Amino acid sequence: MEKILLKVAGDTAVGKLAGSISKNLDEDKFVEVIAIGASANNQAVKAIATAEGHAGSKGKSLNIKIGFTSTDVRSGAALENRTAILFRIKYND
């Protein structure tokens, strides 16, 4: 199963992210959503909830695992290691 990584920012459009999650799941892809910071995580959670609604309308439900990960973020010319929230999403079997 192919894995897709979606990076979320504080100004990410919830509807577009939810649509991307749903589309990739419908294509039998495993989706990971990564967010750093409160506003990015807020957008990610709203999009995942919206994608759950899309799945429900198709008679499916989402399996969501939440954890922490580290990622490198460019800050000016330097790279900084930051902690992020990682959402792993797939359809329930």
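Laboratory data are not the source of any read-out in this text; all were calculated from the coordinates shown. Computed from a predicted structure; not experimentally measured. Here Cβ is always computed from backbone atoms with ideal geometry, including for glycine, and neighbour counts include all displayed protein chains.
The Rg/Rh ratio for segment 30-93 is 1.09, where Rg is the radius of gyration of the alpha carbons and Rh is the Kirkwood radius.
What net charge do the residues around residue 21 carry, taking every other residue with its C-beta under 12 Å from that of residue 21, with Lys and Arg at +1 and Asp and Glu at -1? Charge balance in the 12 Å sphere: +2. Under a model in which nothing but the beta-carbon of Lys, Arg (+1) and Asp, Glu (-1) is charged, segment 1-79 shows a dipole of about 100 debye around its Cα centre. The relative contact order of segment 10-93 comes to 35 percent, based on Cα pairs under 8 Å that sit 6 or more residues apart. By how many degrees, between 0 and 90 and to the nearest 10, does the Cα long axis of helix 14-26 differ from the longest principal axis of the chain? Taking Cα atoms only, the helix is inclined about 60 degrees. Based on Cα contacts under 8 Å between residues 6+ apart, segment 5-56 shows a relative contact order of 52 percent. Computed per residue of the chain from DSSP H runs no shorter than four, each worth -39500 (n - 2.57), the mean residue ellipticity at 222 nm is -12000 deg cm²/dmol.
Do any GluC sites (Glu not before Pro) in segment 20-93 lie in a loop, going by DSSP, with at most 16 other beta-carbon atoms within 10 Å of their beta carbon, and if so which? When the GluC sites (Glu not before Pro) of segment 20-93 are filtered for loop state and at most 16 Cβ neighbours within 10 Å, 27 remain. If the segment from residue 58 to residue 82 were pulled out straight at 0.36 nm per residue, it would be longer than the present Cα-Cα gap by 5.0 nm.
On C-alpha positions alone, give me the angle between the axis of helix 38-57 and the longest principal axis of the chain, in degrees, nearest 10. In the chain, helix 38-57 runs at an angle near 10 degrees to the longest axis.
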